[in-house]
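The values are calculated or read from the model by the stated rules, or taken from the named source; none is laboratory data. Just so we're clear, the structure is a prediction, and the values are computed from it rather than from any experiment. Please note: Cβ atoms are built from the backbone with ideal geometry, for glycine as well, and neighbour counts cover all protein chains shown. Calculation scope for accessible area: heavy atoms of the full protein, side chains included, ligands and nucleic acids excluded. Shrake-Rupley method; radii C 1.70, N 1.55, O 1.52, S 1.80 Å.
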Amino acid sequence: MTTPQRVLMGPGPSDVPPRVLEALARPTVGHLDPYFLGLMDEIRDRLRRLFATKNEMTLAVSGTGSAGMETLFVNLVEPGDKVVIGRCGVFGGRMADVAERCGAEVVCVDAPWGQIIPAQDFIAAIKEHRPRLAALVHAETSTGICQPLDGIADAVHEVGGLLALDCVTSLGGMPVEIDRWGVDAAYSGTQKCLSCPPGLAPVTLSAAAVARLDGRARKVQSWYLDLSMVRNYWGGERAYHHTAPVNMLYALHEALGIVFEEGLEARFARHQAMHERLRDGLAGLGIEYVSAPGHGLPMLNAVGVPEGVDDAATRRRLLDDYGIEIGGGLGDFRGKAWRIGLMGHAATRRNVTLLVAALSEILGR
Ligand code: PLP
C-alpha cells in the first residue's frame with residue numbers, strides 16, 4: 001500500500017493533522033476500560049462546548065455524518081408524523097428521503113440550488129402543516145450556502161414541534177450555537193472542519209427531544225441507532241450496547257483538543273480569512289461563486305466551472321500534477337461547479353496560494 005499524500009481541498013474529508021493520525025495508532029484498550037470511559041466523558045464535554053449546548057444527551061454516534069442524520073430521524077419520528085424539511089441541495093434531499101423511510105409524512109420547502117430557503121417560506125409551511133419535526137441544513141455542502149435560522153425555532157416550538165439541524169460542514173469552522181438558536185437536535189461528522197478521519201457523528205439532543213424519544217409509542221426502528229439504548233453506554237450505567245470504535249474516539253478526542261487549543265473564535269476567524277483570500281485569488285482568475293451573494297460559507301466555496309473549461313480534466317490535473325483534491329458539482333451543479341473546501345487543518349494560507357497558482361497554470365490565466 002503506497003498511499004499518496006494529498007492536499008484535501010474538496011468537500012471533505014479534509015487534511016488530518018499528524019497528531020490525530022498518531023492518536024489513531026495508540027494501543028487499543030477495551031471499550032469498558034476505565035481509562036477509555038474517562039476519555040469518553042471528556043469527548044462529551046468537548047462536544048458540548050463545540051455545539052454551545054448544555055444538552056446532557058451529547059455523544060458521538062458510531063458512523064459517518066449520514067448515521068448522525070439517520071439517528072435524529074429514527075429516534076424523533078414515528079410513522080405518520082408530519083415533518084417539514086428545507087431542500088435546496090443534496091443534503092436537504094437526503095433528509096427528506098430518510099424521514100420518508102421512517103414513515104413520516106414529509107413536506108419539503110424548496111429553493112433553487114445556490115439559494116437559501118427564505119425564512120418566511122419555511123415559517124409559513126410550519127404554520128400550515130404544524131409538524132412534529134422541522135429540519136434544515138445549516139451548511140449545504142452541495143451548494144456552499146449558509147442557511148439563516150431567523151425566527152424559525154420559535155415558529156416550530158409554537159406548534160409543538162422540534163427543530164433539527166444538520167451541522168456536518170459548519171461545526172468547528174463557524175459559530176454553531178445550539179442552545180441560543182433553540183435547536184432541539186443536531187448532528188455533524190468528524191471529517192470536515194474537525195479534521196479527523198471520517199467515521200463518527202457528533203450528535204446532541206435537547207431535553208425536549210429526549211422527552212420525545214422517551215414518550216414514543218413504539219420502539220425506534222433501528223436497533224443500532226436507538227439512543228434510548230446507546231445513552232446507557234455513554235451515560236450512567238455504562239451498559240454494553242455495541243463495541244465502540246475505540247481508536248476513532250482517540251482521534252476525535254485529539255482533534256477536539258486541537259480545536260480548543262486554537263480557540264473557537266480564532267478558528268472561525270481563520271476560516272473566514274482564508275475564504276476571503278481564496279475568493280480574491282479566484283476573482284483574479286475570472287472564477288465566480290454560484291452560491292447566493294451574502295450567504296456563502298467560509299469552508300465550502302462553490303464556484304462555477306469557467307466557460308470552455310473541461311471540469312473533470314481540470315480536477316484530474318490538479319490531482320495528478322499538484323496532489324490537490326477539489327470537489328466536482330453534485331445534482332443540479334454536476335459538471336457546472338467546483339466545490340473548494342477550506343476545512344479545519346486544510347484552511348491555510350499555503351493551501352490557498354498553492355491552489356490559486358495551480359489553477360492559474362492549468363487554465364493559462
Ligand atoms: N450532511 C452534509 C451537509 C454533508 O456535507 C454530508 C457529507 O458530505 C452529510 C450530511 C453526510 O455525511 P457522510 O458523508 O459523512 O455520511
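General observations
- Environment charge at residue 11 (Cβ cut-off 9 Å; Lys +1, Arg +1, Asp -1, Glu -1): +2
- Charged neighbours of residue 241, selected by a Cβ distance under 11 Å, balance to 0 (K, R count +1; D, E count -1).
- Peptides 10-19, 281-290, 199-208 ranked from most to least packed by the mean count of surrounding Cβ atoms within 10 Å: 199-208, 10-19, 281-290.
- For segment 12-28, Karplus couplings with θ = phi - 60° (6.51, -1.76, 1.60), whole Hz, Gly/Pro x: x, x, 9, 4, 9, x, x, 4, 6, 5, 5, 4, 4, 8, 6, x, 6
- The amide H of residue 329, built 1.01 Å from its N in the peptide plane, has 335, 336, 337 as neighbours under 5 Å, considering only residues 5 or more places off or on other chains.
- Per the Kirkwood formula applied to alpha carbons, segment 18-260 shows a radius of gyration over Rh ratio, Rg over Rh, of 0.96.
- Amide hydrogen proximity for residue 342: with H placed 1.01 Å from N in the peptide plane, the residues at 5 or more positions away or on another chain lying under 5 Å are 300, 301.
- Lysine pairs in the chain with Cα atoms under 26 Å, if 8 or more residues apart or on separate chains: 4
- Residue-count net charge about residue 316 - beta-carbon cut-off 11 Å; Lys, Arg +1, Asp, Glu -1: -3
- In order through segment 290-301: 3J(HN,Hα) via Karplus (6.51 cos²θ - 1.76 cosθ + 1.60), integer Hz, x for Gly, Pro: 9, 7, 4, x, x, 10, x, 8, x, 8, 9, 9
- Between residue 166 and 136, 137, 138, the built amide H atoms are under 5 Å apart, and every one of these is 5 or more places off in sequence or on another chain.
- Solvent-accessible area of residue 228 with every protein chain in place, 1.4 Å probe, in Å² to the nearest 10: 40
- DSSP beta bridges in segment 18-260 [antiparallel fraction, %, rounded to 5]: 40
- Whole-Hz couplings from phi, Karplus 6.51/-1.76/1.60, listed for segment 258-273; x for Gly and Pro: 5, 4, 7, 5, 5, x, 4, 4, 5, 5, 5, 5, 5, 4, 5, 5
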